[in-house]
Amino acid sequence: ELLLQQRLEHVRESGERHARRTLQVEDWLQSLVSQHGEVERRLAQLERRLPKEVRAVEEPLEEALSQLATGVLKMSQLLGVITEDSCDRLNWREACADLPRMMDHAWLRSRLPKRTSLLKVLRQKADAEQLRELQGQ
């Protein structure tokens, strides 16, 4: 009978420990669920604020890039790479998109003999064509 009482007491204590642990786990889970809800709310707030924050960064960056691009275009005008009105008739994005082509064109122009214009090159080519025609007759 003493052994039975001891075992019964042990089972009762184990049950109480199990009940306390179960309550602790339930409290812990409820805490996690409430934290998860708070994290979800904060994440939603951040997602709503993100476009505004991006615009706040994007606008000064675009302004700085605009000034830089305009400076590059003005320098290109001074070097004779692009015409004087290129920057005025195009916005800076279009002008910068066209800048590689203009640089190639300027490089090709610089490879031509000094004081040679496109008209002179065409005239020389026409003269060469006429000479070949005369030689062919």
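The values are calculated or read from the model by the stated rules, or taken from the named source; none is laboratory data. As the structure is a prediction and not an experimental result, all values here were calculated from the model. Positions of Cβ are backbone-derived with ideal geometry, glycine not excepted, and every protein chain shown enters the neighbour counts.
All told, L3 meets the bar of being loosely packed, with under 10 Cβ neighbours inside 10 Å, assigned to a helix (DSSP H, G or I) and modelled with pLDDT under 90.
Scanning the stretch 110-137 for residues that are under 43 Å from the mean Cα position of the chain (by Cα) and modelled with pLDDT of 70 or more yields nothing.
Answer yes or no: is there a residue in the stretch 63-73 that is at pLDDT below 85, loosely packed, with under 11 Cβ neighbours inside 10 Å and over 27 Å from the mean Cα position of the chain (by Cα). Within the stretch 63-73 (the criterion being at pLDDT below 85, loosely packed, with under 11 Cβ neighbours inside 10 Å and over 27 Å from the mean Cα position of the chain (by Cα)), the answer is no, since none of the residues qualifies. Could we say that H36 is at pLDDT below 80 and not hydroxyl-bearing (S, T, Y) here? Answer is no for this residue.
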